[in-house]
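Presented below is the structure to which this report refers.
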Amino acid sequence: MSSQQQKNINMGTVLAMGTQLGFMIALPLVICIITGIYIDKRFNTFPWFLLISVFAGIGLTLIDIYKVIIPFLEKRSDNKIIK
């Protein structure tokens, strides 16, 4: 495999991971915020459920990112040790 092909594969991997991380950060937070606002309006408890849902969204986001980043970093460090 040529150097240019390897760079294209690496760039594709980086773009795919960046897109995946972007969705993993935004989607849980947006869903939790919308849910929190809906519950607050329904029970007239603003801002309590919104705050709870924001913290839940942040927690879910951190867990999702951890599950993606750690295997990637382990794989990368294994590749550096072999080379």
Discussion item. Can you tell me how many residues within segment 28-45 are out of contact with any Gly (no Cβ under 9 Å at 6 or more places or on another chain) and of a type in the set (A, V, I, L, M, F, W, C)?
Written reply: 4
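Can you find, within segment 53-83, the residue that is modelled with the lowest pLDDT among those that are charged (D, E, K, R) and not in a loop (DSSP other than H, G, I, E, B)? So that I can check it myself, show each step before the final result.
Step one: filter segment 53-83 for residues charged (D, E, K, R), giving 64, 67, 74-76, 78, 80, 83.
After this cut, where a residue has to be not in a loop (DSSP other than H, G, I, E, B) as well, the list is 64, 67, 74-76, 78, 80.
Working: D64: 90, K67: 91, E74: 84, K75: 80, R76: 75, D78: 76, K80: 66.
Among those residues, the one meeting the criterion is K80.
Check L15, L50 and return the single one that is at pLDDT below 90 and not small (G, A, S). So that I can check it myself, show each step before the final result.
Working: L50 fails: at pLDDT below 90.
Just one listed residue meets the conditions, L15.
The values are calculated or read from the model by the stated rules, or taken from the named source; none is laboratory data. Bear in mind that the values here come from a model prediction, so they are computed numbers and not experimental data. Heads up, the Cβs are rebuilt from the backbone with ideal geometry, glycines too, and the neighbour counts pull from every protein chain shown.
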